[in-house]
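The values are calculated or read from the model by the stated rules, or taken from the named source; none is laboratory data. These numbers come from a predicted model, not from an experiment. Reconstructed Cβ throughout: ideal geometry from the backbone, glycine too, with neighbour counts over all protein chains shown. With ligands, DNA and RNA removed, areas are computed over all heavy atoms of the protein, side chains included. Shrake-Rupley method; radii C 1.70, N 1.55, O 1.52, S 1.80 Å.
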Amino acid sequence: MVDLHTHSTASDGTFSPRELVYLAKKVGLKALALTDHDTIDGLPQAYQTAKEEGLPFLCGVEISVKFDGPGHFHLLGYFLEPPEELKEVLDKLKSARAERNKRMVEKLRELGIDITLDELQSIASGEIGRPHFAYLLVKKGYVKSIEEAFERYLKKGAPAYYPKALLTEEEAISAIKKAKGIPVLAHPITLKLSDEALKSYLIRLKELGLMGVEVYYSEHTKEYTKFLERLADELSLIKTGGSDFHGQNKPDIKLGLGFGNLRVPDECFYELKRAISRFHRRAER
Ligand code: AMP
Ligand code: ZN
Ligand code: FE
Ligand code: FE
């Protein structure tokens, strides 16, 4: 069992990169990847700790991408080492996120909710994301749960929502490839496309350079997972998987196990790793 989709305190998780590696060891994972939202700041610490602990590890990132459909598009990128080449593009995303956080605070204040950027900063150790907003809304008694915070205020289309995605599919995929990484479509379920529409979309994304799809995921049903396995094989896309562990910010999701039934095959890790290594060899020729 491996987990290739996790978040740390560098974005909106509650475990530090180091603690995450310790936890992965403790629950018996065979390999781990850290995939924080729009940042690689947690990678050096996780990479180093994994090395010390002898835990097979991949460096990752999860980038928000502009999407014209009903749901949302996240692109995962996987690398052997922290991808310094991505810094420039990630800095832009950081500024976009800062602007967005300011806008969302304004919107919430207009709705009569007393919340400030300072308060958000004091509970986040890295990038501020919507889970931090949700946590504050709960803490200050405006809602009863994280889920209610998203439903009433924070989800796409809700009154305090403000978009932050900056890159097109093509730009995001190319940025990852330029840094010698493997671009993978995260949690296809969140695109909210029909099975047929997803297939056509994946074909187009593959033309743009997409190399993998996250088949195994906490929110994918057994049937949907089977469908994605077949689709990935048919389109020759690498199959990956992970829980989207966020610690206490998603308290029902356990590292490696998701809501309890997730088991990401070890082979996903090795296939990804081989694909990146091939990429490096080709680049060196
Ligand atoms: P952001 O990067 O600021 O847009 O926040 C994205 C994070 O919010 C991801 O970790 C999502 O899983 C989380 N998120 C989105 N929708 C919900 C929801 N309905 N309930 C809980 N967490 C959510
Ligand atoms: Zn998150
Ligand atoms: Fe995501
Ligand atoms: Fe995630």
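Name the single residue that is surrounded by the fewest Cβ atoms within 10 Å (Cβ to Cβ) among those in region 93-105 being of a type outside the set (K, R) and touching a Leu at 6+ places or on another chain (Cβ under 7 Å).
At the first step, the residues of region 93-105 found to be of a type outside the set (K, R) are 93, 95-96, 98-99, 101, 104-105.
Add one more test, that the residue is touching a Leu at 6+ places or on another chain (Cβ under 7 Å), and what stays is 93, 96, 101, 105.
Working: L93: 23, A96: 17, N101: 22, V105: 21.
For region 93-105, the residue satisfying everything is A96.
From (1) in the same structural domain as I276 (by TED's automatic domain parsing); (2) modelled with pLDDT of 95 or more, pick out the condition that doesn't hold for G71.
That leaves (2) as the condition not met.
Taking the condition under 28 Å from M1 (Cβ atoms) and either among the polar types (S, T, N, Q) or not assigned by TED's automatic domain parsing to the domain that holds I176 (or both), does E147 pass? Spell out how you get there, then give the answer.
On the way: under 28 Å from M1 (Cβ atoms): yes; either among the polar types (S, T, N, Q) or not assigned by TED's automatic domain parsing to the domain that holds I176 (or both): yes.
So E147 fits the description; yes.
With the checklist (1) more than 17 Å from the chain's Cα centre (by Cα); (2) open to solvent by 50 Å² or more (accessible area, probe 1.4 Å); (3) within 25 Å of S11 (Cβ to Cβ) in hand, flag the one item G260 doesn't pass.
(2)
For region 76-92, indicate whether the set of residues that are under 20 Å from the mean Cα position of the chain (by Cα), within 16 Å of ligand 3 (Cβ to nearest atom), at pLDDT below 95 and open to solvent by 10 Å² or more (accessible area, probe 1.4 Å) is non-empty.
Within region 76-92 (the criterion being under 20 Å from the mean Cα position of the chain (by Cα), within 16 Å of ligand 3 (Cβ to nearest atom), at pLDDT below 95 and open to solvent by 10 Å² or more (accessible area, probe 1.4 Å)), the answer is no, since none of the residues qualifies.
When you check L90 against the structure, is it part of a helix (DSSP H, G or I), touching a residue at least 40 places away in the same chain (Cβ under 8 Å) and over 30 Å from R281 (Cβ atoms), yes or no? Steps first, answer last, please.
On the way: part of a helix (DSSP H, G or I): yes; touching a residue at least 40 places away in the same chain (Cβ under 8 Å): yes; over 30 Å from R281 (Cβ atoms): no.
No.
Select from region 118-142 the residues that are among the β-branched types (V, I, T), touching a Leu at 6+ places or on another chain (Cβ under 7 Å) and surrounded by fewer than 19 Cβ atoms within 10 Å (Cβ to Cβ) and list them in ascending order.
First, pick out the residues of region 118-142 that are among the β-branched types (V, I, T): 123, 128, 138.
Adding the requirement that they be touching a Leu at 6+ places or on another chain (Cβ under 7 Å) leaves 123, 128.
Once the filter is applied, which keeps residues that are among the β-branched types (V, I, T), touching a Leu at 6+ places or on another chain (Cβ under 7 Å) and surrounded by fewer than 19 Cβ atoms within 10 Å (Cβ to Cβ), region 118-142 yields only I123.
Applying the selection to region 222-250, what residues are touching a helix residue (DSSP H, G or I) at 6+ places or on another chain (Cβ under 6 Å) and within 12 Å of ligand 2 (Cβ to nearest atom)?
Matches in region 222-250: N249 only.
Name the single residue that is nearest to the chain's Cα centre (by Cα) among those in region 22-54 being part of a loop (DSSP other than H, G, I, E, B) and under 18 Å from I276 (Cα atoms). Give the steps one after another, and end with the answer.
Residues of region 22-54 part of a loop (DSSP other than H, G, I, E, B): 27-30, 35-36, 38-42, 54.
Checking which are under 18 Å from I276 (Cα atoms) leaves us with 35, 40.
Numbers: T35: 5, I40: 12 Å.
Across region 22-54, the extreme among qualifying residues is T35.
Taking D3 as the residue in question, decide whether it is open to solvent by 20 Å² or more (accessible area, probe 1.4 Å) and within 16 Å of ligand 2 (Cβ to nearest atom).
Working: open to solvent by 20 Å² or more (accessible area, probe 1.4 Å): no; within 16 Å of ligand 2 (Cβ to nearest atom): yes.
The answer is no for D3.
How many residues are within 16 Å of ligand 4 (Cβ to nearest atom) and open to solvent by 20 Å² or more (accessible area, probe 1.4 Å) when one looks only at region 20-39?
Count: 1.
Quick one: would you say K102 is of a type outside the set (V, I, T), outside any loop (DSSP other than H, G, I, E, B) and either more than 21 Å from E169 (Cβ to Cβ) or touching a Cys at 6+ places or on another chain (Cβ under 7 Å) (or both)? Please lay out each step first, then the result.
On the way: of a type outside the set (V, I, T): yes; outside any loop (DSSP other than H, G, I, E, B): yes; either more than 21 Å from E169 (Cβ to Cβ) or touching a Cys at 6+ places or on another chain (Cβ under 7 Å) (or both): yes.
So K102 passes the test.
Every residue in region 191-216 that is in a loop (DSSP other than H, G, I, E, B) and among the small types (G, A, S), please.
The answer is S194, G209.
Give the residue, chosen from Y217, Y201, that is touching a strand residue (DSSP E or B) at 6+ places or on another chain (Cβ under 8 Å), open to solvent by less than 70 Å² (accessible area, probe 1.4 Å) and not assigned by TED's automatic domain parsing to the domain that holds F133.
Working: Y201 fails: touching a strand residue (DSSP E or B) at 6+ places or on another chain (Cβ under 8 Å).
Within the list Y217, Y201, the selection yields Y217.
Select from region 217-232 the residues that are under 16 Å from N261 (Cβ atoms), not in a loop (DSSP other than H, G, I, E, B) and not acidic (D, E) and list them in ascending order.
The initial filter retains those residues of region 217-232 that are under 16 Å from N261 (Cβ atoms), namely 217-226, 228-229.
Right, trim to not in a loop (DSSP other than H, G, I, E, B) and you get 217, 222-226, 228-229.
Passing the criteria: Y217, K222, Y224, T225, K226, L228.
Which ones in region 229-254 are more than 16 Å from ligand 3 (Cβ to nearest atom) and crowded, with 17+ Cβ neighbours inside 10 Å?
Hits for region 229-254 are L231, A232, L237, I238, K239, K254.
Looking only at region 40-68, count every residue that is within 16 Å of ligand 1 (Cβ to nearest atom) and open to solvent by 20 Å² or more (accessible area, probe 1.4 Å) and tell me the total.
Within region 40-68, the subset within 16 Å of ligand 1 (Cβ to nearest atom) is 40-42, 60-67.
Now narrow it down to the ones that are open to solvent by 20 Å² or more (accessible area, probe 1.4 Å): 41, 66-67.
Number of matching residues: 3.
With (1) open to solvent by 10 Å² or more (accessible area, probe 1.4 Å); (2) in a loop (DSSP other than H, G, I, E, B); (3) farther than 26 Å from L167 by Cβ as the list, and I115 as the residue in question, which single condition is left unmet?
Exception for I115: condition (1).
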